[in-house]
1. If you scan segment 63-86, which residues turn out to be in contact with a Leu (Cβ under 7 Å, 6 or more places away or on another chain) and either among the basic types (K, R) or outside any loop (DSSP other than H, G, I, E, B) (or both)?
2. Could you tell me how many of the residues in segment 13-62 are outside any helix (DSSP H, G or I) and at positive phi?
3. Would you mind listing the strands (runs of 3 or more DSSP E) fully within segment 110-159 where at least 3 residues are touching a Gly at 6+ places or on another chain (Cβ under 6 Å)?
4. Please list, ordered by residue number, the strands (runs of 3 or more DSSP E) wholly in segment 190-264 having 1 or more residues that are among the small types (G, A, S) and out of contact with any Leu (no Cβ under 6 Å at 6 or more places or on another chain).
5. In this structure, is A97 outside any loop (DSSP other than H, G, I, E, B), more than 18 Å from S118 (Cα to Cα) and at pLDDT 95 or above?
6. Name the single residue that is surrounded by the most Cβ atoms within 10 Å (Cβ to Cβ) among those in segment 240-260 being under 16 Å from the mean Cα position of the chain (by Cα) and modelled with pLDDT under 95.
7. Which one of these does D184 not meet: (1) more than 24 Å from P58 (Cβ to Cβ); (2) modelled with pLDDT under 95?
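The values are calculated or read from the model by the stated rules, or taken from the named source; none is laboratory data. What you see is a predicted model, and the numbers here were worked out from it, not measured in a lab. Counting neighbours? That spans all protein chains shown, and the Cβs are built from the backbone with ideal geometry, glycine included.
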Amino acid sequence: MCVVGQSCAARAADPVALLGATPVETFALAGGGRLLVWRIEDRAGAARPLELVAAVVPGGAAGWRLLPVDASGPRAALLRSLDCPGAAVLTSGGFFAARDGGGYAPLGLAVGDGVALSPYAPRRWGGVLERRGDQSTIVPLANLDGAGFRDQALQSSPIIVAEGRNDMLRDDGQLDNRVAIGLDDAGGVVAVGAFRDGGGAVSLHTLAELILALGPVAGLEIRDALALDGGSSAELLVPDRGLAWGSQLPGYMPNALCLVAGTS
């Protein structure tokens with residue numbers, strides 16, 4: 001793994017090895033949060049660098065809410081229209097399915113401010129990002145407590161980092177824009193996005209490797225991370241900086257995550 005300050009030999013298509021040799025832009029966010037952005041030139045001669053974004057809401061100040069959207073339109077505009085006072089970061093949420101008779105509906109458990117927004121969906125893999133009081137966890141579906149009260153919850157898949165290790169058993173080579181939510185040992189919440197203009201950013205396996213590389217490169221030790229819906233659905237917005245990543249195409253958004261620093 002490449003370390004900042006050292007010479008890094010990397011293959012042209014190896015963004016993980018290139019991460020430590022790539023300059024990082026750092027922005028302060030409200031409530032003590034911070035935003036880190038790397039533009040990784042991982043494809044020789046390519047006009048579309050890979051942008052890795054990590055938005056950190058530190059432990060002791062970490063809060064997040066699940067917001068209902070259930071609407072279609074330009075997704076960045078949908079995020080901007082949401083009411084989440086003090087938002088440091090907004091991301092697209094979970095998956096969706098076609099409704100009988102037309103249109104779309106959220107797919108999987110979603111709880112916002114203690115209110116059930118959509119029911120649990122039986123699936124073979126994945127997990128639930130949940131918040132009970134000031135404690136956030138990512139719970140594998142096999143361990144899910146269906147009866148427990150949650151302040152906030154979002155079902156998605158797959159879990160890509162579990163207990164500090166890459167939980168993707170293999171790399172399927174499917175490149176797309178990606179967003180994941182990670183938790184660290186100090187109670188912090190980190191939204192991580194990998195984007196390339198026009199799509200085709202990274203596989204889920206590579207996203208997990210990039211998340212783990214944030215430890216030695218940036219001191220972000222993320223223990224668990226859950227992937228959210230990807231591809232053209234992947235969106236990440238930093239309102240107070242006027243920064244946004246994701247597709248410009250319109251589409252359906254079932255729900256969204258709002259990370260708020262300075263609250264619990």
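1. Those that are in contact with a Leu (Cβ under 7 Å, 6 or more places away or on another chain) and either among the basic types (K, R) or outside any loop (DSSP other than H, G, I, E, B) (or both): W64, L66, L67, P68, V69, A71, A76, L79, R80.
2. Number of matching residues: 2.
3. Numbers: elements: 110-112, 115-118, 127-132, 135-140, 152-156.
Where strands (runs of 3 or more DSSP E) fall fully within segment 110-159 and carry at least 3 residues being touching a Gly at 6+ places or on another chain (Cβ under 6 Å), they are 135-140, 152-156.
4. 222-227, 243-246, 250-261
5. When the stated conditions are applied, A97 does not pass them.
6. Here the residue is V260.
7. (1) is the only condition that D184 fails.
Table: residues versus (1) more than 18 Å from P254 (Cβ to Cβ); (2) surrounded by 14 or more Cβ atoms within 10 Å (Cβ to Cβ); (3) among the β-branched types (V, I, T); (4) under 19 Å from the mean Cα position of the chain (by Cα).
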{"residue": "A121", "(1), (2), (3), (4)": "no, yes, no, no"}
{"residue": "G146", "(1), (2), (3), (4)": "yes, no, no, no"}
{"residue": "Q152", "(1), (2), (3), (4)": "no, yes, no, yes"}
{"residue": "A162", "(1), (2), (3), (4)": "yes, yes, no, yes"}
